[in-house]
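The structure appears right after this line, and notes come after that.
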Amino acid sequence: MAMEDCQTIIPEMEEEENLIAAAKHLVRALRSNKNLTKDMKKMLADLGSQLSTMATVDDEKGEGVREIKEQLNVVSEKIIGREDDQSMIWDSGADDAYEYLNAADEVRKLIERLDSLCSNKDVEEKELLQRAHDVLQLAMARLEEEFRHLLVQNRQPFEPEHKSFRSSEDDVVEESSFVSFGDDSIEGSLRRDSISRTSEEVTIDLVNPDVITDLRCIANLMFMSNYDHECCQAYVNARKDALDECLFILELEKLSIEDVLRMEWAHLNSKIKRWVWAIKLFVRIYLASEKLLSEQIFGEFGSINLSCFVEASKASMLQLLNFGEAVSIGPHRPEKLFCLLDMYEVLADLLPDIHGMYFDEVGSSVRIEYHEVLRRLGDSVRSAFLEFENAIASYKSTSPLAGGGIHHLTKYVMNYIRNLTDYSETLNLLLKNNDKEDSSSQSSNMSTDMEEEDTSEGSSCNSSPMALRYRLVASILESKLHEKSRMYKDISLQHFFLMNNIHYMAQKVKNSELRPIFGDSWIRKHNWKFQQHAMGYERATWSSILALLKEEGNSSSGGVSTTQLKERFRNFYLAFEEVYKTQTTWLIPNAQLREDLRISTAQSVIQAYRTFDSRHKNRISDKHIKYSADDLQNYLLDLFEGSSKSLHNPCRR
């Protein structure tokens, strides 16, 4: 048979087996031709060998497909048979669960075998492969449901040990006015919440540990079956709900920026305190545990566990950060400074934790937002501190403080900066590049006074950013006190008021954490200042009165007539009684200062009176001597108590 006859036979074969058989027959016929060259004989021998191999493979392929079909029928019954049962497979026990898992895995393996056996599939093989994929899809949908069910039903309740959070809306500085306190209760109202300093780096079981292996097995099978997206989505949705529940337990409600900006200060202050307390628990305990859970389930799949953690937790973290942003946007009133510092410090403290959880490109969105909110809060702290300085300088009052005691402004400012010492490290960081230029609105003489103090204190002066701002604040306050002292018409009361307030400032610095910030030189200078005002008070009050007791000339009579003596005693008593009536209403709150001023006054007044009385008591009758020196000394003990008294006119001796 010629080669041309081979070309007409091949197109007529419809079945692959017939085609191979015909080709083998043709090769045998051609090889019987005695006129073939050596090369042609070799070519026909190779062709015959290939045709024999093709026949063997085809036989094996047919046998493999039949076997796959039989196995698929068996596992399909197990998978499809569960569709009529609405109960969860894992609730039926471990045996049923792993039987289903094995059946689904068998379908996956059958698909892989079909793909490897049939590179060029016929219609029947394609139908078999599609059927296997349909069964696998059914199994994966069921496993996705079981996966979600296991996560939800085995969720462990989150019960933070420190959930006993107390937030009192009474311990809040009123925003209606810069200063609204008349006693030292302000000290408690400005103290920081110590909870912001505590931290516990522990992890807890968010899901029952007994089902972690089951969850990991389901995840592994879904990933191997190319259903990784569905598995991850089921995980993310389940854990998002759990994270929302955690925020609910911590009483962190979802608030818009507008909601926060509309809040009354007392309510907002309570929310901020809870936020500061809760975010540390949330990040250090709950998020750390959340990340561990994703690693336990998806740890074999590289960065997938990080992606799942980030997707599950991102919304909750952004909710918390959104509150921080809203607070930073609001008005930067001085009473907000402590809350702003608490928020800034807790975020700064948690920064390494956030970097450790939200790393790489996957976690960049949370990291970027976190840094932005931290920056905004830092800016807000600087603005609030500047508002604090401006509020002191612009504080207005229409009438002087009765009794010349310690002004509310003095108490507020000194307690305010004393309590700020808890935040020294943070303030030094934030105020580093925000020095005196921010306070340019203050009068130039305040800055000059402060610079003179700094120069006089020399190298021992604390030159940290916070120390510089504190001394500026004290200078502003002192200038304001001088301004307020001029509201008193009585010169002696002006000195008395300044003595009280500067003494309070000096004592507050000396006996608190402010001492190393202001320095001993500042304390010495202000001790000298209040002592000068004490002397000024004595001169203004008693100089004219003591002048009545001043001797004229060298003789005991000094050329003074009896009538003049009587008049001088009478005028002295009238002046003393007026001082007594007036200055018993004046107040020195500090017991030691009160005692010191009484002693100093008595030393000058009683000694002068005793001397004058002893020299002239024989020249006038006892009825003109209303008070003995001891009487006057006792009466001086009634001064500066802040309660009005008056002297009757007893006749002594």
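The values are calculated or read from the model by the stated rules, or taken from the named source; none is laboratory data. Note that the structure is a prediction, hence the values are computed from the model and not measured. FYI the Cβ positions are ideal-geometry reconstructions off the backbone, even for glycines, and counts take in every protein chain you see. Surface accessibility is based on the protein's heavy atoms, side chains included, excluding ligands, DNA and RNA. Shrake-Rupley method; radii C 1.70, N 1.55, O 1.52, S 1.80 Å.
Some observations on this one:
- Cβ-Cβ FRET estimate between residue 631 and residue 396, R0 fixed at 45 Å, reported to 0.05: 0.55
- Largest to smallest accessible area among 264, 290 [probe 1.4 Å]: 264, 290
- Remark: segment 209-346 is approximated by an ellipsoid whose semi-axes, taken from the C-alpha gyration tensor as √(5λ), come to 37, 13, 12 Å, largest first.
- Label-to-label distance for residue 67 and residue 205 is 4.4 nm, based on points extended 7 Å past Cα in the beta-carbon direction.
- Too-long pairs where the Cα-Cα distance tops 18 Å, listed order kept, from 529/550; 240/291; 254/314; 291/314; 280/336: 529/550; 280/336
- Mean Cβ neighbour count within 10 Å, used as a protection proxy, ranking 402-409, 66-73, 514-521 highest first: 402-409, 514-521, 66-73
- Ordering of 239-245, 618-624 by packing is 239-245, 618-624, highest average first (other Cβ atoms within 10 Å, averaged per residue).
- Heavy-atom accessible surface of segment 557-612: percent carbon and sulfur, 1.4 Å: 52 percent
- Percent accessible area from carbon and sulfur atoms, segment 476-538, protein chains only, probe 1.4 Å: 52 percent
- Extension gain, residue 86 back to residue 127 (0.36 nm per residue minus Cα-Cα distance, nm): 11.9 nm
- Think of each Lys and Arg Cβ as +1 and each Asp and Glu Cβ as -1; about the Cα centre, that makes the dipole of segment 229-317 roughly 400 debye.
- Between residue 581 and residue 618, the contour length at 0.36 nm per residue exceeds the Cα-Cα span by 10.4 nm.
- The listed residues 83, 335 rank as 83, 335 when sorted by accessible area, largest first, using a 1.4 Å probe.
- The modelled label-to-label distance for the pair residue 645/residue 512, using points 7 Å beyond Cα in the direction of Cβ, is 3.2 nm.
- Full extension of the chain segment joining residue 224 with residue 611 gains 128.2 nm, where the gain is 0.36 nm per residue of separation less the Cα-Cα distance.
- Once all protein chains are placed together, residue 87 keeps about 50 Å² accessible to a 1.4 angstrom probe.
- Among residues other than residue 484 with Cβ under 15 Å from its Cβ, the summed charge is +2 (Lys and Arg +1, Asp and Glu -1).
- Shown is the FRET efficiency for residue 359 and residue 251, computed with R0 = 30 Å from the Cβ-Cβ distance and rounded to the nearest 0.05: 0.50.
- Cβ-derived FRET efficiency at R0 25 Å, residue 638 paired with residue 486, nearest 0.05: 0.35
- Segment 322-404, accessible surface, carbon-and-sulfur percent (1.4 angstrom probe): 54 percent
- Distance (nanometres) between label positions extended 7 Å along Cα→Cβ at residue 112 and residue 325: 4.6 nm
- Prolate is the label for segment 489-601, because the ratio a/c of its alpha-carbon gyration tensor axes (a ≥ b ≥ c) is 1.5 or higher and a/b is greater than b/c.
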